[in-house]
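Scroll down for the structure; my scribbles are underneath it.
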Amino acid sequence: MPRIGQRILKTSIAVLICLLFYSFRGYRGEDMPTEAAITAIICMQPYVRDSREFAMNRLTATLIGTFWGLLLLLILLLFPILGTNLCVVYALMAVGVLMSLYTTVVFHKPDASSLAAIVFVCIVIAFPEIEDPIADTLERIFGVLIGMTVAIGVNVFRLPRGRRRNLVFFIRSSDLVPDRFSQVSPTVLFRLNWLYQEGARICLISRHAPAFVTSQLSAVTLNLPMIVMDGAALYDVNENRYLSAERIREADSRLLMEKLDSFEASYFLYTVHRNRTCIFHQGPLSEQEQQVLNQLRRTPYRTYLDEEIYVPQEIVCVKIVGEEAYIEQLKNRLYTFLLCRKLRGSIQPQTGVPGVNALYIYSDRATVHQAETRLMKLLQERESGWEAEEVFLSSGYRSEHDAMHLLYQIYNRFAPIRLFLPFQK
């Protein structure tokens, strides 16, 4: 069973406080107001700042909805003839919904639009059974204020937590930043550094060579080696060296190069030489390759060499760049060869060069799963009792909020709430 998270517990506590508050005021059963409890549920978010944001949206929606709801009820009370025909009443309610939604647009509060309309309908739907519209409206606003206050107050309070220092988290660098040429948000960097300082063991997984991860995360103090080149190697940033690299067999690399030469394809050779990533180019540079090369050479962490001094035994990856249709066709032509030589091919779009893809060819032993296993074996050799857990974004990176949510998940698993409940580990 999954653990009970801090947000779940805090939401339950906030609802309990709201219900007890109204219970002490003498409310029971059907008379019990629900606005405070509902507001507390809506406003309880992973971070206090998010709670404040949701609280303000909830308050804005309540004020807009209650304004139009109270105005409609007062009109119906001042002009009783309008309330004699239910079709007229419902038409006025529909107009009220329209005005509630439109008001949120006027005040640039689109996130509050649905709530404003819901609040309006909740106020007027009981007509004509409403005895005192003003008192009911004020009570609703008061309930929202109570729920907001309770939610933010409970969210500020920190529940006791443990620390799982023997747990290794595997996360993808692509879940922290949109692409390899973008900078990681300062907020994300701060939170990631804070997790490392708290003692969380986090291993970053990158599809690329260490260069971009090193430059993007230079402000972070990593405490574990990284998995780079889509699982082909383990790289220790602190020691600036490769701990391991799954190279393509020399015979296979020679045959692959002969095959590509027969197709008149140009390509890059990624080698690991003396703890450095050295990249060689074979064949004339195409226009697409030149565009990609101009992008990649922006970083000082890569070494591009034109001389043919590479060592065949050190080839980790072969990369072919071209238009999408060409790369797809090339992969199909190489399919049988790659299968027979125990190689794997992966097509990836090239950031910053629209319409251009790259075919990366690795040894079939060069996988993220194998790299995770190698890292865990290294850790077990030093100290037993290590566990591994992958934490990935299911929908991929869309905004800074997604990266922060991922790091929040890691914190919840690294430092679970300890209330000594029997169903908690």
Cα Rg, Dmax, the stretch 26-143, angstrom units = 15.1, 50
If you roll a 1.4 Å probe over the chain with all protein chains in place, what percent of the accessible area is carbon or sulfur?
-> 58
Search the structure for amide H atoms under 5 Å from the amide H of V356, placed 1.01 Å from N in the peptide plane, and list their residues when 5 or more places away or on another chain.
-> Q350
Which of (i) 1.15; (ii) 1.22; (iii) 0.95 is the computed Rg/Rh (Cα atoms, Kirkwood Rh)? It is (i)
Quick one: what does P(r) look like for the stretch 245-286 with 5 Å bins over all Cα pairs, in whole %?
-> 5, 21, 26, 25, 15, 7, 1
Would you mind working out the accessible area per residue for the chain, using a 1.4 Å probe, and quoting it in Å²?
-> 51
When you count, for each residue, the other Cβ atoms within 10 Å and take the mean per peptide, how do 201-214, 96-109, 232-245 rank with the highest first?
-> 201-214, 232-245, 96-109
Contact order relative to length for the chain, counting C-alpha pairs under 8 Å separated by 6 or more residues, stands in percent at 17
Could the peptides 247-253, 266-272 be put in order, highest first, of the mean number of other beta-carbon atoms found within 10 Å of their residues?
-> 266-272, 247-253
Which whole-number percentage describes the relative contact order of the stretch 157-218, with Cα contacts under 8 Å and a sequence gap of 6 or more?
-> 47
Which FRET efficiency value, to the nearest 0.05, do you get for D111 and L255 by plugging their Cβ-Cβ distance into 1/(1 + (r/R0)^6) with R0 = 56 Å?
-> 0.45
Among 222-230, 257-265, 50-58, 323-331, what's the highest-first ranking by average C-beta atoms within 10 angstrom per residue?
-> 222-230, 50-58, 323-331, 257-265
Can you list the lysines whose alpha carbon is less than 22 Å from that of K319, not counting same-chain residues fewer than 8 positions off?
-> K259, K331, K342
Computed, not fitted: 222 nm per-residue ellipticity of the chain from DSSP H runs ≥ 4 (each -39500 (n - 2.57)), nearest 500, equal to -16000 deg cm²/dmol
Taking K10 as the anchor, which aspartates and glutamates have their alpha carbon closer than 18 Å to its alpha carbon, excluding any fewer than eight residues away along the same chain?
-> E35, D50, E53
Give me the accessible area of F21, 1.4 Å probe, in Å² rounded to the nearest 10.
-> 70
Once Lys and Arg get +1 and Asp and Glu get -1 on their Cβ, which of P416, L76, T66 lies farthest toward the positive end of the dipole of the chain?
-> P416
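The values are calculated or read from the model by the stated rules, or taken from the named source; none is laboratory data. All figures in this text were calculated on a predicted structure; none of them were measured in a lab. All Cβ positions, even for glycine, are placed from backbone atoms using ideal geometry, and neighbour counts span all protein chains on display. The protein model used for the area step is the full one, side chains on, heavy atoms only, and it has no ligands, DNA or RNA in it. Shrake-Rupley method; radii C 1.70, N 1.55, O 1.52, S 1.80 Å.
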